[in-house]
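The values are calculated or read from the model by the stated rules, or taken from the named source; none is laboratory data. Because the structure is predicted, anything quoted here is derived from the model rather than measured. Heads up, the Cβs are rebuilt from the backbone with ideal geometry, glycines too, and the neighbour counts pull from every protein chain shown. Keep in mind that these areas ignore ligands, DNA and RNA; they rest on the heavy atoms of the full protein, side chains included. Shrake-Rupley method; radii C 1.70, N 1.55, O 1.52, S 1.80 Å.
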Amino acid sequence: MSEVADPIVITGLAVEAPGGIETPAQYWAALADARDLTGPFPRDRGWPIERLLSLSAIEGWSEVRDAGGFLDAAAEFDPMFFGITPREAVAMDPQQRVALRVAWRALENAGIKPGAIDGEEVGCYMGASPTEYGPHAAEVNDYSGYRATGTALGAVAGRISNCMGLGGPSIVVDTACASSLAALHLAAAGITAGECEWALAGAVCVMGSPGAFFEFSKNNALSADGQCKPYSDDADGTLWGEGAGVVVLERESRARRLGHRIYGRLLASRVNHNGGGGPIAVPSTEAQRRLIRKTVEAAGISPDLVGMIEGHGTATAVGDPLELAALQDVYGTGTARLGSVKSNVGHAQAAAGMLGLIKVLLSGLHGYIAPTRFADNPTTKVDWTASGLRLAAKLEYWQPHDGIRYGAVSSFGVSGTNAHALLAVPAVEEEIHV
């Protein structure tokens, strides 16, 4: 069976998001209600809170609000369940712990027994970035000897493969904020190339330190009021957040043979880079436009069919208009609704794209486009009348085309990497429980 005739499909998913979100049903309810899931800095991580909140006293640094999108259960973990000793568990980057349990839930969501796949050539592709967790390795402490694996970025995927006995490719992708969709892209490519029969793909972000807040305070790129307002005329900076999401990918023929629920088809995904000509951290409209066009061409559909776009939406004065220009150029002849989950949870960095992708899947399954917060005052830095693209200002019915809802997800990272994916979600009549 050809690749076109037997596409890659998503048959399981799991998510953890700020605000105590631990299930897809909780996630959807929060998105549908346009709920703010952010909150104050965690007080159980040993962070220098007073120093953080006084950074504006340094000349040229901006104020840091006591706000962000933080996982409630980032410190919770049952090591013995996964065969890990308590001391080793403490030395593990929390990203490994969170990714492990979310991957387990994604398998269960797909109807797969995590304990029954030991020895299978299953791939595991995870997006993640370093977060400065724990003591330095170059010192003597109680966790010396565990730090090599505890802080290894590659162990985010490696832990999952090791604990579940997955023998396929086990790869961590770090393309900054484009890591999620880059991992998804590599997972689909691995299945297509026959490197694995099926795979887990996802991403995680748990901040081991508040370093990102220091960086963006110095760059005057943090939201002044502790809210992330993608594509809004009030957008004045981003807000950092956390999260994790994992999906199960396999061929559609395999999914149907095994009776797995199909959340959606991955029609196409592509990754590129801005190249030279500008600072590494500055987005490129031209690179994003080129990437989106190539993804649409690979999917073999008209861009006008796309009804929902989950954009990157950093809520910065530079990033949003550049991204909007590219989206309008490709999708502007249609009537898609645009939003960003960053308005709910903040910028979850490496996990941002996966939280957005799961948002699109759940919107398609429930038949409604989840609204994006702060959409009532669209940015005036682009001409909205020049295209049919509009912000998703309210919960709105998502009209299918011949029984299919088409959605797009876009991400770009501070490393200059861009990623885009197109999904086809089957419309169903019955109520969905996930």
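What number of lysine-lysine pairs in the chain show an alpha-carbon separation below 24 angstrom, given a sequence spacing of 8 or more or placement on distinct chains?
Value for the chain: 12.
Per residue, what accessible area does the chain have, given a 1.4 Å probe and all protein chains present, in Å²?
For the chain, the solvent-accessible area averages 38 Å² per residue.
Suppose R0 equals 45 Å. What FRET efficiency, 1/(1 + (r/R0)^6) with r the Cβ-Cβ distance, do residue 87 and residue 281 give to the nearest 0.05?
Working from the Cβ atoms, E equals 0.70.
Output the relative contact order of segment 306-390, whole-number percent, from Cα pairs under 8 angstrom with separation of 6+ residues.
Here the relative contact order equals 42 percent.
Only loop residues by DSSP count here, and only those with at most 13 other Cβ atoms within 10 Å; note down the chymotrypsin sites (Phe, Trp or Tyr not before Pro) in segment 45-147 that meet that.
Loop-located and lightly packed - none at all.
Where the only charges are on Cβ atoms (+1 Lys, Arg; -1 Asp, Glu), what is the dipole of the chain about its Cα centre, to the nearest 20 debye?
With only Lys, Arg, Asp and Glu charged at Cβ, the dipole is about 480 debye.
For segment 164-278, with all protein chains present and a 1.4 Å probe, just round the carbon and sulfur fraction of the accessible area to a whole percent.
48
Which FRET efficiency, nearest 0.05, do residue 304 and residue 427 yield, Cβ-Cβ r, R0 30 Å?
Efficiency at R0 = 30 Å is approximately 0.95.
Could you order 251, 390 so the one with the most accessible surface comes first? Probe is 1.4 Å. Please list the in-between numbers first.
Values: 251 45, 390 90 Å².
Largest accessible area first, the list is 390, 251.
What distance in nm separates the two pseudo spin-label positions at residue 49 and residue 142, each 7 Å out from Cα along the beta-carbon direction?
2.3
Which residue, 395, 324, 249, tops the fluctuation ranking in a GNM of the chain built on C-alpha contacts under 10 Å?
Comparing 395, 324, 249 in a Gaussian network model of the chain, the most mobile one is 395.
So how much slack lies between residue 209 and residue 6, counting 0.36 nm per residue of separation and subtracting their Cα-Cα distance, in nm?
Result for the pair: 68.7 nm of gain on full extension.
Specify which residue in the list 301, 415, 273 is farthest towards the positive end of the charge dipole of the chain, using unit charges on the beta carbon of Lys, Arg (+1) and Asp, Glu (-1), about the Cα centre.
301
Would you mind working out the magnitude of the charge dipole of segment 358-434 relative to its Cα centre, with +1 at each Lys and Arg C-beta and -1 at each Asp and Glu C-beta, to the nearest 20 Debye?
360
Could you sort 420, 260, 136, 366 by their accessible area in this structure, using a 1.4 Å probe and putting the largest first?
136, 366, 260, 420
Compute the Rg to Rh ratio over segment 155-231 from the alpha carbon atoms, using the Kirkwood formula for Rh, and round to two decimal places.
Rg/Rh: 1.12.
Distance between Cα centroids, segment 104-131 to segment 46-72: provide it in whole Å.
Here the two parts' Cα centres lie 36 Å apart.
Please give me, ordered by residue number, the GluC sites (Glu not before Pro) of segment 1-85 that lie in loop per DSSP and have at most 11 other Cβ atoms within 10 Å. Working shown, then result.
Values: sites: 3, 16, 22, 50, 59, 63, 76; in loops: 3, 22, 59, 63, 76.
Within segment 1-85, the qualifying GluC sites (Glu not before Pro) (loop, at most 11 other Cβ atoms within 10 Å) are 3, 59, 76.
If you wrap a convex hull around the C-alpha atoms of the chain and split its volume per residue, what is the figure in Å³?
Taking the convex hull of the Cα positions in the chain, it is 138 Å³ per residue.
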